[in-house]
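Asks: Mind looking over this structure? Questions follow.
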2 protein chains.
Amino acid sequence: MTVFPAGQQFQTEGECLPSYQVRLACRAGQADTTAGVAPGFVQGNLAILPEKYAAAFHRFCQLNPKPCPIIGMSDVGNPQIPALGLDLDIRTDLPRYRVWRDGELIEEPTDVMAHWRDDLVAFVVGCSFSFEEALLADDIPIRHIERKVRVPMYRTNIACTPAGPFAGPMVVSMRPLKPADAIRAVQITSRFPSVHGAPVHIGLPQSIGIADIANPDYGDPVPIAPDELPVFWACGVTPQAVIAAAKVPFAITHAPGLMLVTDLKNKHLAVL
Amino acid sequence: MTVFPAGQQFQTEGECLPSYQVRLACRAGQADTTAGVAPGFVQGNLAILPEKYAAAFHRFCQLNPKPCPIIGMSDVGNPQIPALGLDLDIRTDLPRYRVWRDGELIEEPTDVMAHWRDDLVAFVVGCSFSFEEALLADDIPIRHIERKVRVPMYRTNIACTPAGPFAGPMVVSMRPLKPADAIRAVQITSRFPSVHGAPVHIGLPQSIGIADIANPDYGDPVPIAPDELPVFWACGVTPQAVIAAAKVPFAITHAPGLMLVTDLKNKHLAVL
């Protein structure tokens, strides 16, 4: 788990960061996708749980760091996460939320002020947008970005290590790459363990329980050329799927593709 | 290119290194394979050329560092390479040599004292034994070692960058690995650029001009299980094939599998 030290490492005066501008726009009601927004800044998946379930979920993330790399979390009942952004309010600063009761999606509001409680704990989990930026910067083409669709994602037969009520299969995202690019992509994404790190699988989807690569369980299908291999990364949809399956009495997540934009820089996540 | 600083970094007194013992045995006439000999110590491919061709060959290695990573070289006419080993004499310290005239193999002696000339330059090129040790240490099984056969090697359609008379296709070695092990193997071997580094290809042999994976051009075939991918590394046989194809008037190489054992440690080659 990567929890960044709390503190005021962001300027409170002077220039307003693009990431902060996005959060302020969300706070004012903007509800668009965050794909391509505030380039260079880390975006994160959100999971908010009552304290009663937070410890088990935290342990689940600890045990499954590839799909659930924690990049920040709140104190109990505190909607701020200063380590992730100036003036950040987790209740208002995402474009859209999903509110869950007993595993059922009951609402998709643009803020969760009405749902906030003193016993809630917010977890922010790393997102593939960060490593995709590093791949593109290395001239590795990414099919779903070229085609302006969502990345294809699949439930696998790779079981996450369970913790309390949280259990289920790892969800993976897939990017078709030429073999030499796949090797380079392993090197590049290995530098970013806090945003899923190296791939979990290459080349043989049936080996990880994916029967039909043309029919992803989430996102959109993309074609794979004869000279390409499908390359699979652990995906931040995993914790959301696990929370829904656990049917906890109450939970809040982000709406897919509408993430928290933080003041962290993607490049600063590189461990090497 | 990695040329280690010359000097007496090896103890001249006290314990005799296992690598030095191997060289002394070779000097006394031993002519066995060096596979598995002096574990932990770097072994190298040998190429000896007249000064007239040495500069072009050196440039060839510089331009093709993945198949031809130089780990040491001699001064003109000097049979010692102090940076690679105590008391090392390149004319006697390998188990067996190949002597070439105009691209023809004319002799396979156990020393080349009779062939030595004042205009010769010796190049020592990194060898996959070093990274195989790192893979095994990480519990990644290597098929040809389990089966006690030679690694399968293939000529590819990947052209080396030519230099002077030296040109030709890259030769690669192949190890079948489960996809998760293949990803791990990319990480591990990326740490060792001076012994071929990361793989050059994964999974689609026909893409690099290998028509029949069951019929290697050098070494022995090994089976690939349905849940494995063939993983290909640039191979130190490349410079030997290129020297033969160049039909230079005179050259000396090691006999396949009977390498120079140096006093360098494999683990010290890791760049990270």
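The values are calculated or read from the model by the stated rules, or taken from the named source; none is laboratory data. Please read these numbers as outputs of a predicted model, since none were measured by experiment. Here Cβ is always computed from backbone atoms with ideal geometry, including for glycine, and neighbour counts include all displayed protein chains. SASA here: full protein model, heavy atoms, side chains in, ligands and nucleic acids out. Shrake-Rupley method; radii C 1.70, N 1.55, O 1.52, S 1.80 Å.
Asks: Does the range A:118-138 contain at least one residue that is in contact (Cβ under 8 Å) with a residue 60 or more places away in the chain, outside the structural domain of A:VAL222 (by TED's automatic domain parsing), outside any helix (DSSP H, G or I) and over 19 Å from the mean Cα position of the chain (by Cα)?
Replies: There is at least one residue in the range A:118-138 that is in contact (Cβ under 8 Å) with a residue 60 or more places away in the chain, outside the structural domain of A:VAL222 (by TED's automatic domain parsing), outside any helix (DSSP H, G or I) and over 19 Å from the mean Cα position of the chain (by Cα).
Asks: So, one more: When you go through (1) under 20 Å from B:ALA234 (Cβ atoms); (2) among the hydrophobic types (A, V, I, L, M, F, W, C); (3) open to solvent by 10 Å² or more (accessible area, probe 1.4 Å) one by one for B:ILE106, which number turns out not to apply?
Replies: With (1) under 20 Å from B:ALA234 (Cβ atoms); (2) among the hydrophobic types (A, V, I, L, M, F, W, C); (3) open to solvent by 10 Å² or more (accessible area, probe 1.4 Å) applied to B:ILE106, the lone miss is (1).
Asks: Just need a number here: residues in the range A:195-214 that are away from every other protein chain (no Cβ under 12 Å) and either out of contact with any Ser or Thr (no Cβ under 9 Å at 6 or more places or on another chain) or within 22 Å of A:ASP139 (Cα to Cα) (or both).
Replies: Counting residues in the range A:195-214 that are away from every other protein chain (no Cβ under 12 Å) and either out of contact with any Ser or Thr (no Cβ under 9 Å at 6 or more places or on another chain) or within 22 Å of A:ASP139 (Cα to Cα) (or both) gives 6.
Asks: On to the next question. When you go through (1) within 14 Å of chain A (Cβ to nearest Cβ); (2) in contact with a helix residue (DSSP H, G or I) (Cβ under 6 Å, 6 or more places away or on another chain); (3) in contact (Cβ under 8 Å) with a residue 12 or more places away in the chain one by one for B:ILE224, which number turns out not to apply?
Replies: Here B:ILE224 clears every test but (2).
Asks: Run down A:ALA137, A:ALA163, A:ALA159 and say which single residue is over 25 Å from A:LEU63 (Cβ atoms) and small (Gly, Ala, Ser).
Replies: Selected residue: A:ALA137, the only one of A:ALA137, A:ALA163, A:ALA159 that is over 25 Å from A:LEU63 (Cβ atoms) and small (Gly, Ala, Ser).
Asks: Quick check on this structure: which one of A:ARG155, A:ARG150 is in contact (Cβ under 8 Å) with a residue 60 or more places away in the chain and not in a loop (DSSP other than H, G, I, E, B)?
Replies: Selected residue: A:ARG155, the only one of A:ARG155, A:ARG150 that is in contact (Cβ under 8 Å) with a residue 60 or more places away in the chain and not in a loop (DSSP other than H, G, I, E, B).
Asks: Right, here's the next one. State the number of residues belonging to the range A:137-157 that are more than 15 Å from A:VAL231 (Cβ to Cβ) and not acidic (Asp, Glu).
Replies: 7
Asks: Those residues that are open to solvent by 20 Å² or more (accessible area, probe 1.4 Å) and either at pLDDT below 95 or among the aliphatic types (A, V, I, L, M) (or both), I need them from the range B:63-93; list them, please.
Replies: Selection gives B:LEU63, B:MET73, B:VAL76, B:LEU86.
Asks: Within the range A:202-227, track down each residue that is crowded, with 16+ Cβ neighbours inside 10 Å, of a type in the set (A, V, I, L, M) and assigned to a loop (DSSP other than H, G, I, E, B).
Replies: A:LEU204, A:ILE210, A:ILE213, A:VAL222, A:ILE224
Asks: Quick one: in the range A:43-59, which of the residues that are over 24 Å from A:PHE129 (Cα atoms) and part of a helix (DSSP H, G or I) is farthest from the chain's Cα centre (by Cα)?
Replies: A:LYS52
Asks: Moving on. Taking into account only those residues within the range B:176-194 that are assigned to a helix (DSSP H, G or I) and within 20 Å of the chain's Cα centre (by Cα), which is farthest from the other protein chains (Cβ to nearest Cβ)?
Replies: Among them, the one singled out is B:SER194.
Asks: So A:ALA251 ticks every box in (1) in the same structural domain as A:PRO39 (by TED's automatic domain parsing); (2) out of contact with any Leu (no Cβ under 6 Å at 6 or more places or on another chain) but one. Which box is left unticked?
Replies: Tallying (1) in the same structural domain as A:PRO39 (by TED's automatic domain parsing); (2) out of contact with any Leu (no Cβ under 6 Å at 6 or more places or on another chain), A:ALA251 fails exactly one: (2).
Asks: If we keep just the residues of the range B:246-256 that are open to solvent by less than 10 Å² (accessible area, probe 1.4 Å) and in a loop (DSSP other than H, G, I, E, B), which is nearest to B:PRO169 (Cα to Cα)?
Replies: B:VAL248
Asks: Can you work out which of the residues in the range A:257-271 that are touching a Ser or Thr at 6+ places or on another chain (Cβ under 9 Å) and closer than 22 Å to A:ASN64 by Cα is farthest from the other protein chains (Cβ to nearest Cβ)?
Replies: Top of the filtered list is A:LEU260.
Asks: Another one. Determine whether the range A:234-245 contains at least one residue that is within 12 Å of chain B (Cβ to nearest Cβ) and crowded, with 20+ Cβ neighbours inside 10 Å.
Replies: yes
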